[in-house]
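Report on the following structure.
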Amino acid sequence: MESIYYVLTWACHRRCKHCYDTRFRPYVRDALEDVLVESDTHFERVIANLPSTMIYQDPKNLTPEGKPEERIGRIILAGGEVLIDPVRERIFYPALDALNAKYGKGGVNISIQTTGDLVTPKILDEMLERNVWMIAIAGMDDFHVGMEGDKRLPLMEKLTDMFDTAGMQPVPEASTGRDYLTEKGPFYFFFGAQPDQWIGELWPRGRAWENSLTKADMNTNFCARHSGGRNFLNHGMAGSEVAIEPDGSVFPCCLKTKVPIGNVAEEPLIDILESLKGHPVFEALNEGAPDRMGLSQGWSEEKFHQASHTELPNGTPFANLCIGCDKFHEEVMEPVIRDLTKKRRMARASQPI
């Protein structure tokens, strides 16, 4: 696949008001242990059930023979915050080791997301020693306490010096003509939920929803954007991406449908995706057209659009396709997905050992 977004843990040292999932927050004592157990109980099985190769084809870039280029896909490890002390040593580093053992050096581009304030030269060296290809510093936006406006510049300057000293490169601008996806790196870049960026409207999820911060409307089709549902079924091809939670639940988008499409701790990811191909609901998601998901289930586009209207918690009228997707999954898709999961389980049981 081109990309797998794997949330290793819910544990975080922040409780940001715009976060897309309320489970990302600080945990202490027994609650922290429960979160850690959920992660370290599942990550080895999740990684074992990831595709055997992360090589994908890119039809937009052709070889001299006119064939799609073969490229190395990315696995993005994120939280929460993977660098907090109990997560880093107990889950994050072992997960890196497991990915290296599965794919070998150069067989996958490993990217991590972190808020950056916990990065030290020692931790940076430990990540690079484990073949981390890219470090993405999230939270460079006005929603993060202490990162508003110019307040984030000292951290960015500190990290830039640290990364440059370690021999890393900033992700090159598109205007340079370089295609960093074909380069070995290691790279770094900074991003955040700024109004002019791809998540600027904020997903109608988590605390962004609870705090009535999302600015999306019916013209905001997150499904058709990067990390939306579009192309999630096209494993082996450019644009394919899924999102995975700590327990192995897998979703066609980072925003997450109300019901996971399967669990990668229990069955291979490719088996899950193959079983969904040809199904009208999932093909519509794959096309980035969520309002067409229900056509085979008695939901017209008009009904879907009607279901996409609601109110924010503060009482403001709100409408977005993600809301319609949520209602459709709640009313229709849970038994459908359960039946597909049962059929896959029976098919595996019937295979000769």
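Note down the relative contact order for the chain as a percent, whole number, built from C-alpha pairs under 8 angstrom at least six residues apart.
Relative contact order for the chain comes out at 19 percent.
Output the Cα-based Rg and Dmax of the chain in Å, rounding Rg to one decimal and Dmax to a whole number.
Taking only Cα atoms of the chain, I get Rg and Dmax of 20.3, 62 Å.
Trypsin sites (Lys or Arg not before Pro) within region 6-37: which are DSSP loop residues with at most 12 other Cβ atoms inside 10 Å?
The qualifying sites are Arg15.
Placing +1 on the Cβ of each Lys and Arg and -1 on the Cβ of each Asp and Glu in region 13-118, which of Leu32, Gly104, His13 has its Cα farthest towards the positive end of the resulting dipole?
His13
Springs between alpha-carbon atoms under 10 Å, Gaussian network over the chain: tell me which of Glu38, Glu311, Glu266 tops the mean-square fluctuations.
Among Glu38, Glu311, Glu266, the largest mean-square fluctuation in the Gaussian network model of the chain belongs to Glu311.
If you roll a 1.4 Å probe over the chain with all protein chains in place, what percent of the accessible area is carbon or sulfur?
Taking all protein chains in place, the chain shows 51 percent carbon and sulfur surface.
Send over the Kirkwood Rh of region 1-132, from the inverse of the averaged 1/r over different Cα pairs, rounded to one decimal Å.
Hydrodynamic radius (Kirkwood, Cα pairs) of region 1-132 is 16.0 Å.
Please give the direction-averaged projected area of the C-alpha convex hull for region 214-353, in square nanometres with one decimal.
9.3
Counting other Cβ atoms within 10 Å of each Cβ, which GluC sites (Glu not before Pro) in region 143-194 have at most 13 and sit in a DSSP loop?
Answer in residue order: Glu148, Glu173.
Roll a 1.4 Å probe over the protein chains and send me the accessible area per residue for the chain in Å².
Heavy-atom SASA per residue in the chain reads 46 Å².
If the elastic network links every pair of Cα atoms under 10 Å, which of Gly66, Gly139, Gly206 fluctuates the most in the Gaussian network model of the chain?
Gly66
Calculate the dipole size of region 105-207 relative to its Cα centre from +1 charges on Lys and Arg beta carbons and -1 charges on Asp and Glu beta carbons; express the result in debye to the nearest 20.
Result for region 105-207 is approximately 380 debye, rounded to the nearest 20.
Count the lysine pairs in region 170-311 that are 8 or more places apart or on different chains: how many have C-alpha atoms under 30 angstrom apart?
Final tally of qualifying lysine pairs is 8.
The values are calculated or read from the model by the stated rules, or taken from the named source; none is laboratory data. Every value quoted in this text rests on a predicted model; they were computed, and no experiment measured them. For neighbour counting, all protein chains shown are included, and Cβ atoms are generated from backbone atoms with ideal geometry for every residue, glycine included. Note: accessible area is taken over every heavy atom of the protein model, side chains too, but ligands, DNA and RNA are not part of it. Shrake-Rupley method; radii C 1.70, N 1.55, O 1.52, S 1.80 Å.
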